[in-house]
Amino acid sequence: MKKIVTLLVLFVGITTIYASNGPTGYSPGDIATDFSLKNVDGSTVSLSDFRDAKGFIVVFTCNHCPYAVMYEDRIIELNKKYAPMGYPVIAINPNDPAAAPDDSFEKMKERAKEKNFDFPYLFDDGQKVYPQYGATRTPHVFLLDSKRVVQYIGAIDDNPQDAASVQVKYLENAINNHAKGKEIETKTTKAVGCSIKVKK
Amino acid sequence: MSKGQLLQFESFDEFEKEIIAPIGENEKIIINFWATWCKPCVEELPFFEQITQEENGLRVILVSLDFKNQIEKKLIPFVEKHKLRSQVIALLDGKYNDWIDKVSPEWSGALPGTLMVVNGKKYFYEKSYHSKEELLNDINSLN
């Protein structure tokens, strides 16, 4: 019995180490934290709500940033394509409305309604979740597997301005490879975007 | 300012070759990455402008990441309206993932960001400045 308890304590200790993030957030392979955030429809959403998910497309995005707006339609399409495959989009607004009034919860509700968001658009109240992930800009994507292990971090594709001119669909490549059990070649990318707004 | 007067680079490598590579060991060049649509970028521009106007021996370059189709519509009118005296360059290379790390591996790509090349040392500040003093502080800390 004592041996089992010791093993259990060791096991918990090891998983705790892997679940914690470094000073700059997650890297591929880390286990991302779940959360309990308010959705624009008033409900509270956690990743664990999606019992059959094969993975999660967590995207930090917002109303005010032109780059984020440029990707809105693509995010809607991603959810349409991948949610039925078991990879739902979970959008999170990481900004403090005191620093970015266009990103208030009320404005989030308006935008979600205006564009018929078919996915959760969550408010990172108190800005506790985005620092754990290490999101640094909007939009910023974290692809997780069903156990919340980070598979891919970064840009959706290589052309914010023009969806028709995209040459490399980083996120879709990652999802498709994951779905087939194949190695993801490009696990992280960088892109230009708006800084996350924190009240000074 | 006409479109012809604004220095534009379609490729980052060209920009690096012409602007960054020639920087001398004794020079102090402050390169700010911004865009007309980026609110915190626009809010900190006055501090960079003050540096240009007041500080001899410091050269400021404002590198705009506005899109190509916004140069005539937004960037040039902005430069004229605000009477910017620092050198403004348009960097039109959309392959961001290829060159962000070349500016600095520490840069996430978020705007604004400032690359300082001072006496041969390079440092990247991923932050918004709230005063000229704060900006000068960071510049002087590299001496």
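The values are calculated or read from the model by the stated rules, or taken from the named source; none is laboratory data. Just so you know, these numbers come straight off a predicted model, no measurement behind them. Don't worry about glycine lacking a Cβ; one is built from the backbone with ideal geometry, like all the others, and counts go over all protein chains shown.
Miscellaneous remarks
- Of the helices (runs of 4 or more DSSP H) lying entirely inside region B:54-143, those carrying at least 3 residues that are out of contact with any Pro (no Cβ under 8 Å at 6 or more places or on another chain) and within 11 Å of chain A (Cβ to nearest Cβ) are B:96-103.
- Residues of region A:40-83 satisfying the condition of being within 14 Å of chain B (Cβ to nearest Cβ) and either over 19 Å from A:ARG148 (Cβ atoms) or at pLDDT below 95 (or both): A:THR61, A:CYS62, A:ASN63, A:HIS64, A:CYS65, A:PRO66, A:TYR67, A:ALA68, A:VAL69, A:MET70, A:TYR71
- The single condition among (1) at pLDDT 90 or above; (2) in a helix (DSSP H, G or I); (3) among the hydroxyl-bearing types (Ser, Thr, Tyr) that A:THR33 does not satisfy is (2).
- Of all residue pairs spaced 6 or more apart or on separate chains, those with beta-carbon atoms under 6 Å, a first member in region A:167-192 that is away from chain B (no Cβ under 13 Å) and a second member that is in a helix (DSSP H, G or I) and aliphatic (A, V, I, L, M) are A:ILE184/A:ALA174.
- Criterion (more than 14 Å from the chain's Cα centre (by Cα), closer than 24 Å to A:THR186 by Cα and surrounded by fewer than 19 Cβ atoms within 10 Å (Cβ to Cβ)) met by exactly one of A:LYS107, A:LYS54, A:LYS38: A:LYS54
- Residue list for region B:1-13, restricted to those being at pLDDT 90 or above, in a helix (DSSP H, G or I) and closer than 15 Å to B:SER64 by Cα: B:PHE12
- Whether a residue is of a type outside the set (A, V, I, L, M), under 20 Å from A:LEU171 (Cβ atoms) and modelled with pLDDT of 95 or more was assessed, and A:PRO28 passes this test.
- Any hit, region B:40-50, residues being modelled with pLDDT under 95, in a helix (DSSP H, G or I) and either farther than 28 Å from A:THR136 by Cα or of a type in the set (D, E, K, R) (or both): no
- Filter result for A:LYS197 (surrounded by fewer than 18 Cβ atoms within 10 Å (Cβ to Cβ), basic (Lys, Arg) and within 23 Å of B:PRO105 (Cα to Cα)): no
- The listed residue being part of a helix (DSSP H, G or I), in contact with a Leu (Cβ under 9 Å, 6 or more places away or on another chain), closer than 18 Å to A:ARG74 by Cβ and hydrophobic (A, V, I, L, M, F, W, C), out of A:ILE175, A:ILE156: A:ILE175
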